[in-house]
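These notes concern the structure reproduced below.
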Amino acid sequence: MQIEILTELQKEQLQSIIDEANNIVVCCHRRPDGDAVGSSLAWAEYLRLNGKNPVVVVPDGYPDFLRWLPGTETVVRHDRHTEKAETLFHDADVVFCMDFNTENRVGDLEKALHDTPAKKVLIDHHLSPDVDTVLTISHPEMSSTCELVFRLVWQLGGYEKTNRNFAIPLYCGMMTDTGGFTYNSNSPEIFYMISKLLEKGIDKDKIYRNVYNNYSEWRMRLTGYVLYQKLNVMRDMYASYFTLSREDLKTFHFIRGDAEGLVNMPLQIKGMKVSVSLREDSEKDNLIWVSLRSVDDFPCNEMAGLFFNGGGHLNASGGKLECSLEEAEQIVRRAFDYYADKLKIRNKDKA
């Protein structure tokens with residue numbers, strides 16, 4: 001298996017950066033998901049096992065179904081502990097930027113990240129990295145940033161000394177960023193990595209349950225409401241979308257993470273190519289969060305860039321719109337019309 005991704009020069013540079021650092025910050029993007037949290041925690045654990053004392057700083061909260069991960073109790077939230085977080089950035093020797101490609105993706109942490117005197121190292125799998133770093137490790141072809149972390153630790157020769165506290169968040173991030181290994185996960189190396197993580201004694205079934213079977217009663221009711229009343233299916237184009245208004249969120253006692261995975265569900269409809277969710281921000285007017293999922297070769301990242309001020313991966317992307325929910329619906333329909341030629345051709349059922 002070809003696990004290595006660094007040139008020999010990059011490997012030596014990364015090892016030197018780690019060896020020389022005393023104050024290390026590991027950070028990720030705002031509204032962190034499983035891959036952002038998992039890669040940050042796993043990389044921090046690897047650094048600890050190498051005698052360092054890193055601190056994971058996140059811009060804001062992450063879903064409840066990730067709070068069981070080992071190491072989350074030490075995470076510093078910028079929105080709750082602003083002064084402490086910004087002091088950590090000011091005093092850092094090295095900042096590892098995990099799972100984001102531009103500084104504006106860290107939200108209110110952007111100024112602290114931009115102004116830090118520390119060396120910055122980017123470890124990410126999104127397109128077009130644009131962060132001023134001493135070392136950029138960017139591989140958009142990888143399934144997740146957690147996959148990148150596995151490869152880095154393996155190439156640095158440190159995998160044997162890792163433990164369950166490293167393996168659990170790593171597997172969690174790989175799992176969530178591939179929808180339970182249902183997209184962006186056809187590389188044989190991924191499953192070799194999983195086999196090695198299992199050797200660390202992780203319970204992959206329990207990790208799955210902790211993430212996907214850990215919702216509230218209201219999340220279940222929200223799911224039924226979305227599928228029965230809010231789902232719009234364009235049968236002639238194998239496309240669908242649904243909306244969630246602020247009133248909907250209030251009715252179903254929405255908490256962060258409750259919408260996770262809903263956008264994937266319409267793809268269970270036979271022949272469906274793309275699914276889009278539009279969610280009104282719970283506080284800010286005229287702000288719509290957009291999630292896109294697709295199958296096979298339909299480029300939802302391209303759609304996200306053209307219509308939703310976003311981007312991402314071929315089959316999993318996101319964006320945002322500054323408009324009303326009604327206007328956002330019209331934009332979605334225009335996006336479907338724009339891609340009509342691709343959407344009207346039904347996917348072949350061959351594997």
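The values are calculated or read from the model by the stated rules, or taken from the named source; none is laboratory data. Bear in mind the structure is a predicted one, so any value in this text is a computation, not a measurement. No Cβ is skipped: glycine too gets one built from the backbone with ideal geometry, and neighbour counts run over all protein chains shown. What goes into the accessible areas is simple: the full protein's heavy atoms, side chains included, and nothing from ligands, DNA or RNA. Shrake-Rupley method; radii C 1.70, N 1.55, O 1.52, S 1.80 Å.
Table: residues versus (1) open to solvent by 70 Å² or more (accessible area, probe 1.4 Å); (2) in a strand (DSSP E or B); (3) at pLDDT 95 or above; (4) of a type in the set (Ser, Thr, Tyr).
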{"position": "Asn186", "(1), (2), (3), (4)": "yes, no, no, no"}
{"position": "Lys200", "(1), (2), (3), (4)": "no, no, yes, no"}
{"position": "Arg221", "(1), (2), (3), (4)": "yes, no, yes, no"}
{"position": "Tyr228", "(1), (2), (3), (4)": "yes, no, yes, yes"}
{"position": "Ser277", "(1), (2), (3), (4)": "no, yes, yes, yes"}
Given the condition farther than 15 Å from Thr145 by Cβ, in contact with a strand residue (DSSP E or B) (Cβ under 9 Å, 6 or more places away or on another chain) and crowded, with 16+ Cβ neighbours inside 10 Å, answer yes or no: does some residue in region 32-43 qualify? no
Quick one: would you say Ala21 is farther than 24 Å from Tyr215 by Cβ, in contact with a Lys or Arg (Cβ under 7 Å, 6 or more places away or on another chain) and open to solvent by less than 10 Å² (accessible area, probe 1.4 Å)? yes
Can you spot a residue in region 237-244 that is crowded, with 18+ Cβ neighbours inside 10 Å, touching a strand residue (DSSP E or B) at 6+ places or on another chain (Cβ under 6 Å), modelled with pLDDT of 95 or more and closer than 22 Å to Arg105 by Cβ? no
Among the residues of region 255-267, are any of a type in the set (A, V, I, L, M), open to solvent by 20 Å² or more (accessible area, probe 1.4 Å), at pLDDT 95 or above and over 25 Å from Asp341 (Cα atoms)? no
Hey, could you check region 139-160 for residues that are assigned to a helix (DSSP H, G or I), hydrophobic (A, V, I, L, M, F, W, C) and within 20 Å of Gln13 (Cα to Cα) and say which is most open to solvent (accessible area, probe 1.4 Å)? Trp154
Any hit, region 240-252, residues being farther than 30 Å from Gly38 by Cβ and assigned to a strand (DSSP E or B): no
I want to confirm something. Restricting to region 125-138 and keeping residues that are at pLDDT below 95, of a type outside the set (D, E, K, R) and open to solvent by 30 Å² or more (accessible area, probe 1.4 Å), which single residue is nearest to Trp43 (Cα to Cα)? Pro129
